[in-house]
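> Structure provided below as structure tokens; questions to follow.
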Amino acid sequence: MAQLTDIETWVFDLDNTLYPPTMALFPQVNAKMTQWVMETLGVSRAEADHLRHSYYTQHGTTLAGLMQNHAIDPAPYLVAVHDIDFSVLSPDPALASAIAALPGRKIIYTNGTAPYAEAVAHARGLSDLFDAIYGVEHAAYHPKPSADAFQTVFAKDGLSPTRAAMFEDEARNLKVPHAMGLTTIHVAPATEPADHIHHHTDDLGKFLRALA
């Protein structure tokens with residue numbers, strides 16, 4: 001089991017990681033994606049919902065599938081799907097204190113956009129805790145779990161993979177970081193153990209406080 005000592009860079013996913021799934025933010029994003037696909041591709045709601053899910057499964061994000069199969073412009077799509085109500089999120093002072101107490105650099109890396117991540121962090125009371133925020137735009141719209149996406153973002157950041165740890169709710173998004181040498185932490189309800197996951201927690205704040 002990999003240890004969380006001598007970590008220089010702490011990488012946090014955003015959705016369902018820096019806030020719990022019980023705060024229903026991402027269902028709003030899903031609804032916006034379905035609506036956008038309906039209107040842009042001229043398909044039924046059922047077909048749009050199917051495409052949203054199948055593109056996410058096959059390509060890492062719905063956006064990646066839309067870009068590959070329909071040559072859509074990502075910029076207006078990303079603005080539309082992130083036009084949501086952030087008031088469903090509430091501040092978490094204990095989580096903020098736990099993140100602030102971590103030694104070294106803290107960054108966010110999300111398949112959303114950096115402005116979206118900033119809005120989420122603000123609503124959660126986590127603003128000004130992170131040294132950098134990277135969105136899908138920083139990886140030329142290649143999404144996690146693509147190796148190209150991780151390599152691009154981590155190169156931009158300059159982090160040392162063997163001195164970094166990543167927190168992520170999607171287990172598949174930890175395979176490449178594990179292979180690169182990062183310590184991996186799956187933030188999700190109990191799941192089956194996996195070789196590419198070093199640690200598991202269903203409570204990020206509690207996990208971080210235990211490191212103090």
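> Report Rg/Rh for segment 36-138, rounded to two decimals, where Rg is the Cα radius of gyration and Rh the Kirkwood radius.
Checking Rg against Rh, the ratio lands at 1.06.
> Tell me the Rg and the Dmax, in Å, that the Cα atoms of segment 52-95 produce.
14.5, 44
> For ASP13, tell me the accessible area in Å² from a 1.4 Å probe, rounded to the nearest 10.
Here the residue's solvent-accessible area equals roughly 10 Å².
> Run lengths n ≥ 4 of DSSP H only: what is the helix-derived mean residue ellipticity at 222 nm for the chain, with -39500 (n - 2.57) per run over all residues, to the nearest 500?
Roughly -12500 deg cm²/dmol at 222 nm, from the helical runs in the chain.
> Ok, one more. What number comes out for accessible area per residue over segment 1-143 if the probe is 1.4 Å? Units Å², please. Please list the in-between numbers first.
On the way: 6510 Å² over 143 residues.
I get 46 Å² per residue for this part.
> If you don't mind, another one. Classify segment 118-212: rounded, prolate or oblate, from the alpha-carbon gyration tensor (a ≥ b ≥ c, eigenvalue square roots; a/c under 1.5 rounded; otherwise prolate if a/b is larger than b/c)?
oblate
> Is the C-alpha gyration tensor of segment 82-130 telling us rounded, prolate or oblate? Criteria: a/c under 1.5 is rounded; beyond that, a/b larger than b/c is prolate, otherwise oblate.
oblate
> Apply the Karplus parameterisation 6.51 cos²θ - 1.76 cosθ + 1.60, with θ equal to phi minus 60°, to every residue of segment 184-190 and state each ³J(HN,Hα) to the nearest whole Hz, in sequence, with x for glycine and proline.
Using θ = phi - 60°, the values come out as 10, 10, 8, 9, 5, x, 3 Hz.
> If you don't mind, there's one more thing I want to ask. Karplus couplings for segment 60-70 from phi (6.51 cos²θ - 1.76 cosθ + 1.60, θ = phi - 60°), rounded to Hz, Gly and Pro as x?
So the Karplus estimates, Gly and Pro as x, are x, 9, 4, 4, 4, x, 5, 5, 6, 9, 10 Hz.
> Can you tell me how segment 156-212 classifies by the Cα gyration tensor, rounded, prolate or oblate, using a/c under 1.5 as the rounded cut?
oblate
> In Å², what does the accessible area per residue of segment 149-212 work out to with a 1.4 Å probe? Show your work: numbers first, answer last.
Working: 3080 Å² over 64 residues.
Value returned for segment 149-212: 48 Å² of accessible area per residue.
> Taking the full set of protein chains and a 1.4 angstrom probe, give the accessible area of ASP83 in square angstrom, rounded to the nearest 10.
Rounded to the nearest 10, that gives 100 Å².
> Let me ask something else. On the accessible surface of the chain, probed at 1.4 Å, how many percent belong to carbon and sulfur atoms?
On the way: 5230 of 9790 Å².
Taking all protein chains in place, the chain shows 53 percent carbon and sulfur surface.
> Any chance you could look up the accessible area of LEU159 with a 1.4 Å probe, heavy atoms only, rounded to 10 Å²?
Approximately 20 Å² for this residue.
> Which pairs in the list LYS32/LYS106; LYS32/LYS156; LYS106/LYS175; LYS156/LYS206; LYS32/LYS144 are over 27 Å apart, alpha-carbon to alpha-carbon?
In this structure, LYS32/LYS106; LYS32/LYS156; LYS156/LYS206 exceed 27 Å between Cα atoms.
> How much net charge surrounds LEU126 when only the other residues with a Cβ under 12 Å from the Cβ of LEU126 are counted, with Lys and Arg +1 and Asp and Glu -1?
That works out to -1.
> Quick one: what are the phi-derived ³J(HN,Hα) couplings along segment 48-59, Karplus 6.51/-1.76/1.60 with θ = phi - 60°, whole Hz, x for glycine and proline?
5, 5, 5, 5, 4, 6, 5, 5, 4, 5, 7, 10
The values are calculated or read from the model by the stated rules, or taken from the named source; none is laboratory data. Predicted model only: the values in this text are computed from it and were never measured. Cβ atoms come from the backbone with ideal geometry, glycine included; neighbour counts cover every protein chain shown. SASA here: full protein model, heavy atoms, side chains in, ligands and nucleic acids out. Shrake-Rupley method; radii C 1.70, N 1.55, O 1.52, S 1.80 Å.
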